[in-house]
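Data first, discussion second: the structure below is written as structure tokens.
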Amino acid sequence: MAISSEGVISNAAQMFREVKDIVKFEFYLGEVKIITKDDVNVFRADYSLNSDTQIEELSAAIRSGNVDLVRCIINTIFNSYRINGFDINRVRACGIELYIIIIKHCEDCEISKRIKNITKINECNTVSEIKDFILNTATALAKKTYDSVISGQNRVIEKVIRYVHENIHDENLTLQYIASKILYLNVDYLGKLFKKETGMRFSQYLLKVRMEKAKELIKQSPGDIKIYEIANATGFAGNPSYFARVFKKYTGCLPKEFKYELDDKKNKVIS
């Protein structure tokens, strides 16, 4: 139902034209609604839109997996349709064009299925239905991209961690080497990604792995430990004294003291 402004009978013709103009917005406001001039004026507020820029931003948001930005841009685009008073056929045409731009970001195996779904736009009765259909498609693609990016990042960090454990004895083991020679990535990017995924810098993680490995080797040693052998096995080759200092800083005691404490505990348990 559309209701005009109040007026006298002599203004009936003008009021009737106003109602005819208002009722056009049924498409935007949905069915079973009472529409007044105030509702229409909200849509006709001043608004500027650079559609080309927003399409580029939408594509970039989908490619980067930014779901919130995708949702924001599509809402803004559909607000512009309302504000400019596009009729139902124009909104459908614009929706189809927007949908085609979105599904270009699908994988090849998905495009055929997505193209078949384009007929659903013509079956929509309100702008909200069209927007929801397009929004669901775009956010699903962005979410898929985001999950893929996260999965890829996890695999990269898994490779770093595995390489560290397999080469813990290498005194020249650095993030720079892993980034440039193993993964072919920018070292700054890899460092930030490693910190994001593990919660610690690579140097901190490497030290932790080396010290835990040293503790394990000391525990497994049946008799007196040879500091230089443990130093060689944990990446401190040729510098056992430095290894001992680092070990003390990490554990609170020197390697031999750590060994004595372990043996003492074992003897107490046995006795």
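The values are calculated or read from the model by the stated rules, or taken from the named source; none is laboratory data. All values derive from a computational prediction rather than experimental measurement. Using ideal geometry, Cβ is built from the backbone for each residue, glycine included, and neighbour counts are taken over all protein chains shown. Accessible surface areas use protein heavy atoms only, side chains included; no ligands, DNA or RNA. Shrake-Rupley method; radii C 1.70, N 1.55, O 1.52, S 1.80 Å.
Structure notes:
- Comparing ALA214, ALA233, ALA13 in a Gaussian network model of the chain where C-alpha atoms under 10 Å apart are linked, the largest mean-square fluctuation is found at ALA13.
- Note on segment 158-264: Cα-only Rg and Dmax are 15.1, 48 Å.
- About the centre of its Cα atoms, segment 97-243 shows a dipole size close to 140 debye [charges on the beta carbon of Lys, Arg (+1) and Asp, Glu (-1) only; nearest 20 debye].
- Taking label positions 7 Å along the Cα-Cβ direction at both GLN204 and GLU56, the computed distance is 4.0 nm, reported to one decimal.
- Extreme residue, positive dipole direction of the chain, given options ASN89, GLY152, SER64 (C-beta unit charges): GLY152
- The share of C-alpha pairs in the chain whose separation exceeds 29 Å stands at 60 percent.
- Helix content alone sets the calculated 222 nm mean residue ellipticity of the chain: runs of n ≥ 4 DSSP H residues at -39500 (n - 2.57) each, divided across all residues, give -22500 deg cm²/dmol.
- In the chain, taking the dipole from charged Cβ atoms about the Cα centre, the farthest positive-side position among GLY7, TYR163, LEU217 is held by LEU217.
- Largest first, the residues TYR184, TYR189, TYR81 sort by 1.4 Å accessible area into TYR184, TYR189, TYR81.
- Proximal lysines to LYS181, defined as alpha-carbon separation beneath 28 angstrom and excluding residues fewer than eight positions away on the same chain: LYS159, LYS192, LYS195, LYS196, LYS208, LYS213
- Rolling a 1.4 Å probe over the protein heavy atoms gives the chain an accessible area of 62 Å² per residue.
- Counting heavy atoms of the protein chains alone, SER148 has an accessible area of about 70 Å² for a 1.4 Å probe.
- Coupling constants for segment 116-125 follow from the phi torsions by the Karplus curve (6.51 cos²θ - 1.76 cosθ + 1.60, θ = phi - 60°), and in residue order they are 4, 6, 4, 5, 5, 5, 5, 8, 6, 9 Hz; glycine and proline get x.
- The Rg/Rh ratio for segment 40-197 is 1.18, where Rg is the radius of gyration of the alpha carbons and Rh is the Kirkwood radius.
- Portion, in percent, of the accessible area of segment 145-266 that falls on carbon or sulfur, probe 1.4 Å: 51 percent
- Label-point gap, in nm, between ALA93 and SER148 - each point 7 angstrom along Cα→Cβ: 3.3 nm
- Area accessible to solvent at LEU207, 1.4 Å probe radius, in Å²: 70 Å²
- By average C-beta atoms within 10 angstrom, highest first, the peptides 106-118, 239-251: 239-251, 106-118
- For the chain, the longest principal axis of the alpha carbon atoms and the long axis of helix 255-270 meet at an angle near 80°.
- Ordered by solvent-accessible area of protein heavy atoms (1.4 Å probe), largest first, the residues GLU56, GLU18, GLU261 come out as GLU56, GLU261, GLU18.
- Total charge dipole magnitude, the chain, about the Cα centre, Cβ charges on Lys, Arg, Asp, Glu only, Debye to nearest 20: 1220 debye
- For ALA2, the amide hydrogen comes within under 5 Å of the amide hydrogens of ILE35, counting only partners 5 or more places away or on other chains and with H modelled in the peptide plane.
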